[in-house]
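The values are calculated or read from the model by the stated rules, or taken from the named source; none is laboratory data. As the structure is a prediction and not an experimental result, all values here were calculated from the model. Ideal geometry is used to build each Cβ from the backbone, glycine not excepted, and the neighbour counts take in all protein chains shown. Keep in mind that these areas ignore ligands, DNA and RNA; they rest on the heavy atoms of the full protein, side chains included. Shrake-Rupley method; radii C 1.70, N 1.55, O 1.52, S 1.80 Å.
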Amino acid sequence: MRDTITITDDRTGKTVTVPIEGGVFSSSALRELDPSLFMYDPAFMSTAACKSEITYLDGGAGILRYRGYPIEQLAEHSTYLEVAYLLLHGDLPSTDQLATWRNDVTHHTFIHENMRKRFVDGFHYDAHPMGMFISSIAALGTFYDGAKNIQNEASRRKQILRLIAKTPTLAAMAYRFSIGQPFNYPDNDLSYPANFLNMMWKVGPHYEVDPALERAMEVLFILHADHEQNCGTTAMRVVGSSHVDPYSSAAAAAAALYGPRHGGANEAVVRMLSEIGSIENVPAFVESVKAGDGRLMGFGHRVYKNYDPRATIIKKAAYDVFDVTGKNPLLDIALALEDVALKDPYFIDRKLYPNVDFYSGLIYQALGFPVDMFTVLFAIPRTVGWLAHWQELLADPDQKISRPRQWYSGPGERSYVAIADR
Ligand code: ACO
């Protein structure tokens, strides 16, 4: 069998044969047939928009790897900053590289006082933390003159460090503002997740981060660091292809993540479990979903047609958190729901399994985060994924400014009609 595909334009009889590599063939073949011919592919269902070496995902087999390393191994042995280094640099760091990297990130955690005093303080008292987070990222770029200098490697590296270091600060600041509490400055003696928890929760002079909760936060950050060409990352690449500064591109990516079809599902899961209310109501709820009355939130995925490997890891991490915080009362309902759904032909036939969001909301809630913060918790670690893809995009000679074509379906030419005659 040859790894090629042959396409014939039946209008002209012209034929072109192109190689299939890694399950992909180049659409430039179509332009060879007819330069004015385009493929209609809304939502990029069958389009690979880039080559990428960062994340491998096999949705049928339930496999997720960062730079070749299985997510399960990274979640068990690694730290978020080590994974961030891996995603950006392609390899795990040596001891010295990691020490330098950690030191560099740690020393960029503070933000300009004007960001807090003038910018954040200007929000309405009940502003959504994710809306504040998105606009703060964009505003942050205005403080750094070199941000636009994206062709300069040293400048790019500086902006990458700043974005990774400052997103937890921006996130915690948005939360503290939303509850009217004074902002906690970063503590550079703490690990990346512990510093975030400290900025979130410290009220008096002392706050001790529980190591089990610090590790759970670390694991959640690792699991959310990248997921190849999802909606937010695609936004990062599309906006970044205009060569705007990375803060503006990251703000666009965060805006995409804000949507309920993307980063907002974990919030919906918690609401759904609360509405179900008790285990006895689970079978009736599943029947109502099957009858078309809403969806089982946290189930199903565009790419995974198997158990999302991140869901397996999160489910285990949830127990470690509950050992410290006490069990989230919604857990038993979630377990019962999963049990019923995984045995039901409706879900089996459609290959609907728990996704990353099914259990993450339960952990976030047990850790004390309000539901409004859930998407922000996703955005902090995903920042490194966005930046890894941005970097890859800029170095890719195949890439140009993103500019898809359209299938025009409006009226043909018609003459202007004076307003009095319409
Ligand atoms: N509950 C019940 N039925 C479902 C669900 C669900 N969660 N998901 C899909 N289905 C059904 C659909 O009704 C459809 O059935 P049909 O063939 O009888 O019409 C079939 O499964 C295929 O569904 P599609 O909507 O075509 O699948 P798509 O790939 O477009 O959707 C999505 C994927 C959006 C994730 C969907 O599964 C869903 O809405 N899940 C719930 C929301 C959720 O958990 N989102 C988080 C995703 S993870 C993330 O973004 C981080």
Of residues in the stretch 91-137 being among the polar types (S, T, N, Q) and without any contact (Cβ under 8 Å) to a residue 40 or more places away in the chain, the one most open to solvent (accessible area, probe 1.4 Å): Thr95
Pairs, first under 21 Å from Ala49 (Cα atoms) in the stretch 404-421, second among the aromatic types (Phe, Trp, Tyr), C-beta under 8 Å, six or more apart: Arg405/Phe38; Trp407/Phe38; Trp407/Tyr40
The stretch 302-332, residues that are buried (at least 20 other Cβ atoms within 10 Å of the Cβ), out of contact with any His (no Cβ under 8 Å at 6 or more places or on another chain) and not in a helix (DSSP H, G or I): Tyr304, Asn328
Residues of the stretch 118-130 that turn out to be over 16 Å from Arg382 (Cα atoms) and assigned to a helix (DSSP H, G or I), as a count: 6
Selected residue (only one of Gly23, Gly62 is under 27 Å from Ser241 (Cα atoms) and at pLDDT below 95): Gly23
Residue in the stretch 39-55 that is outside any helix (DSSP H, G or I), open to solvent by 50 Å² or more (accessible area, probe 1.4 Å) and over 16 Å from Asn230 (Cα atoms) present: yes
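This table checks each residue for (1) within 15 Å of Leu387 (Cα to Cα); (2) assigned by TED's automatic domain parsing to the domain that holds Ala75; (3) open to solvent by 40 Å² or more (accessible area, probe 1.4 Å); (4) within 22 Å of the chain's Cα centre (by Cα).
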| site | (1), (2), (3), (4) |
| --- | --- |
| Ala139 | no, yes, no, yes |
| Ser155 | yes, yes, no, no |
| Phe177 | no, yes, yes, no |
| Tyr185 | no, yes, yes, no |
| Gly204 | no, yes, no, no |
Some residue of the stretch 323-345 being in the same structural domain as Leu197 (by TED's automatic domain parsing) and near the ligand (Cβ under 8 Å from one of its atoms): no
Whichever residue in the stretch 290-333 is polar (S, T, N, Q) and at pLDDT 90 or above and, among such residues, is nearest to Leu57 (Cα to Cα): Thr312
Filter result for Pro211 (closer than 29 Å to Ile71 by Cβ, at pLDDT 95 or above and either surrounded by 22 or more Cβ atoms within 10 Å (Cβ to Cβ) or β-branched (Val, Ile, Thr) (or both)): no
Candidate set: the stretch 241-267, residues that are touching a residue at least 60 places away in the same chain (Cβ under 8 Å) and within 11 Å of the ligand (Cβ to nearest atom); chosen: the one farthest from the chain's Cα centre (by Cα): Glu267
Contacts under 8 angstrom Cβ, first residue in the stretch 25-48 being of a type in the set (Phe, Trp, Tyr), partner open to solvent by less than 80 Å² (accessible area, probe 1.4 Å) and in a loop (DSSP other than H, G, I, E, B), 6 or more apart: Phe44/Gln229
Selection from the stretch 384-403 of residues that are surrounded by fewer than 24 Cβ atoms within 10 Å (Cβ to Cβ) and touching a residue at least 24 places away in the same chain (Cβ under 8 Å): Gln391, Glu392, Leu393, Leu394, Asp396, Asp398, Gln399, Lys400, Ile401, Ser402
